[in-house]
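The values are calculated or read from the model by the stated rules, or taken from the named source; none is laboratory data. All values reported here derive from a predicted model rather than from experimental measurement. No Cβ is skipped: glycine too gets one built from the backbone with ideal geometry, and neighbour counts run over all protein chains shown. In case anyone asks, the SASA skips ligands and DNA or RNA and just uses the protein heavy atoms, side chains included. Shrake-Rupley method; radii C 1.70, N 1.55, O 1.52, S 1.80 Å.
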Amino acid sequence: MRPAGFTSWVAVTLGALSAALAATPASLPALPSGWQARVAALLPQTGQTVTLLERRPSISTVELELVVASAGGDREVLRQVTASAARGVAPVYDKRLNITPEDFKRYLVFQNTLASTGKSFRLNVTRDSNRVTFGDSAAMNGVLRGVSIDLKTGEMRGPEGFTARPVAVPANDNPDRGLLVRSGFQWRMIGNNAQIGTGVRGTLNLLQLASGRVLLSYSRKSMIDRKVDEFDRELIVEYAR
């Protein structure tokens, strides 16, 4: 059952999501005043109910429609193109669009969207006045297991033994740039220790969306005790705070 107020899908291109979630710390603004309280307010509560999101392929025809309309292309052919894209089928070029094949490819944008899986569950997470610590469950698939965030220093620590500090994620109110974000934070954890056989490359993101809901995501590749996880794991959830 979906939590009240849940929006059935969150439209965001993969490129825009990557820009918001994987920008280099040097390109992001300094932490704002009172950021500790903001981080604490956005992080999930113990047993937080969340909705699982997933990436799905999508085809955007917005720019193509504008170009074809400006060129006086056949409206019925354009309708067929947009209908194919809506079904997730790559449209086929037709000269009646009145644009070149090169322009057709250029303005037909293939992207990913974030969509609800329709699955809600309670996040295995505990928190006290000092720290938020993630556990695991079948729905969490081991992605966040052993990750914790210090509510006073903002330091994130992973089971691989490495730490990361948060940086601010810029707000975005332009839908053309993808995910609409009011504010947020990002932790990028990169490290390795050849002597004990541990390593990690991961990015954790905590974003308040324009809808008021919170998006939490963590993607990582890691090694513990010289055992490399064979998968690039990712968990993306949305919840109300």
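Numbers at a glance
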quantity	calculated
Within region 91-111, considering residues that are open to solvent by less than 60 Å² (accessible area, probe 1.4 Å) and assigned to a strand (DSSP E or B), the one farthest from Gln48 (Cα to Cα)	Val109
Residue satisfying all of: in region 139-168; in a loop (DSSP other than H, G, I, E, B) and acidic (Asp, Glu); farthest from Val39 (Cα to Cα) among these	Glu160
Enumeration of residues in region 172-190 that are more than 18 Å from Leu114 (Cα to Cα) and surrounded by fewer than 16 Cβ atoms within 10 Å (Cβ to Cβ)	Ile190
Region 49-64 - residue that is part of a helix (DSSP H, G or I) and not acidic (Asp, Glu) and, of those, most open to solvent (accessible area, probe 1.4 Å)	Val62
Yes/no for Thr46 being under 27 Å from Val214 (Cα atoms), open to solvent by 80 Å² or more (accessible area, probe 1.4 Å) and either at pLDDT 75 or above or not hydroxyl-bearing (Ser, Thr, Tyr) (or both)	yes
Residue in region 218-238 that is part of a loop (DSSP other than H, G, I, E, B), in contact (Cβ under 8 Å) with a residue 12 or more places away in the chain and hydrophobic (A, V, I, L, M, F, W, C) present	no
Some residue of region 130-140 being under 17 Å from the mean Cα position of the chain (by Cα), open to solvent by 70 Å² or more (accessible area, probe 1.4 Å) and either farther than 28 Å from Asn112 by Cα or not hydrophobic (A, V, I, L, M, F, W, C) (or both)	no
Neighbours by Cβ (under 8 Å, 6+ apart or cross-chain): first from region 112-124, within 11 Å of Thr51 (Cβ to Cβ) and open to solvent by 30 Å² or more (accessible area, probe 1.4 Å); second of a type in the set (D, E, K, R) and assigned to a strand (DSSP E or B)	Thr117/Glu54
Qualifying position, being at pLDDT below 50, open to solvent by 30 Å² or more (accessible area, probe 1.4 Å) and outside any helix (DSSP H, G or I), among Ala4, Ala19, Ala30	Ala4
Selection within region 65-90 - open to solvent by 60 Å² or more (accessible area, probe 1.4 Å), of a type in the set (A, V, I, L, M, F, W, C) and not in a helix (DSSP H, G or I)	Val89
